[in-house]
1. Order 50-61, 27-38 from most to least packed using the mean count of other Cβ atoms within 10 Å.
2. Would you kindly state how much longer the chain becomes between Ile101 and Leu20 on full extension, computed as 0.36 nm times their sequence separation minus their alpha carbon distance, in nm to one decimal?
3. Please compute the net charge surrounding Val136, taking Lys and Arg as +1 and Asp and Glu as -1 over other residues with Cβ under 15 Å from its Cβ.
4. Calculate how steeply helix 13-64 sits against the longest principal axis of the alpha-carbon atoms of the chain, using the helix alpha-carbon long axis, and give the answer as 0 to 90 degrees to the nearest 10.
5. If you build a Gaussian network model of the chain, linking Cα atoms that sit under 10 Å apart, which residue out of Thr14, Thr69, Thr117 swings the most?
6. Take each of the peptides 94-103, 157-166, average the number of other beta-carbon atoms within 10 Å over its residues, and list them starting from the highest.
7. With just the Cα atoms of the chain, tell me how far they stretch along each of the three principal axes, in Å, largest first.
8. Among Pro32, Thr52, Thr168, which residue has its Cα positioned farthest towards the positive end of the charge dipole of the chain, with +1 placed on the Cβ of Lys and Arg, -1 on the Cβ of Asp and Glu, and the dipole taken about the Cα centre?
Amino acid sequence: MHKQPQTSSGFTLTELMITLAIAGTLVGIAIPSFTSMVTGNRLTTYANELMTALNLARSEAIKRGEQVTITRKGGNSQEWESGWDVFVDVDRDNVFNNNDILLRTYDALPSGYTLRTGLSTYQDYAGYSPSGLSIVAVNDTFRLCNGTDTATSRAITVNTIGRARVSTGTDFCP
């Protein structure tokens with residue numbers, strides 16, 4: 001009788017070590033890029049939340065024929081990272097009170113993120129008249145930052161007629 005030679009279908013220790021070394025190198029290269037991508041996606045998400053609030057306020061002002069205002073939450077002027085409320089401002093005093101109708105409330109941004117305005121235009125509120133125009137006819141920019149990195153930050157600029165747009169990078173981050 002002739003015996004068949006036994007064959008092994010596993011890996012040698014050398015092959016396993018080479019595979020692990022290559023995988024470790026690839027992971028080491030990919031993780032910083034992945035972290036940067038996650039940070040960028042979060043900034044885009046938070047910028048889109050503010051854009052959604054501005055667009056909601058504008059469309060509701062036109063639809064309802066009433067002033068719609070967005071007010072920041074929190075104690076310090078020009079600091080919006082504590083969240084904001086969108087409401088029908090029946091008495092047009094730019095403050096949410098019993099006569100007004102709350103449309104939507106937005107939660108605070110996570111720790112480490114800041115959302116600030118540049119001028120005193122939108123330091124406490126932004127609003128739209130029934131015609132859809134901004135109640136303040138001056139350009140202003142909201143700056144959304146994660147730390148002090150201006151390259152990955154977002155700038156949400158509201159022009160004189162009330163249209164908002166998002167761009168990457170700002171002049172400064174607090």
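Each value in this text was obtained by applying a stated rule to the coordinates, not by laboratory testing. As the structure is a computational prediction, the values presented were derived from the model and not from experiment. Reconstructed Cβ throughout: ideal geometry from the backbone, glycine too, with neighbour counts over all protein chains shown.
1. 50-61, 27-38
2. Residue separation times 0.36 nm, minus the Cα-Cα distance, leaves 23.1 nm.
3. 0
4. Result, in degrees: 20.
5. Sorting by GNM fluctuation, first place goes to Thr14.
6. 157-166, 94-103
7. 102, 37, 27
8. Pro32
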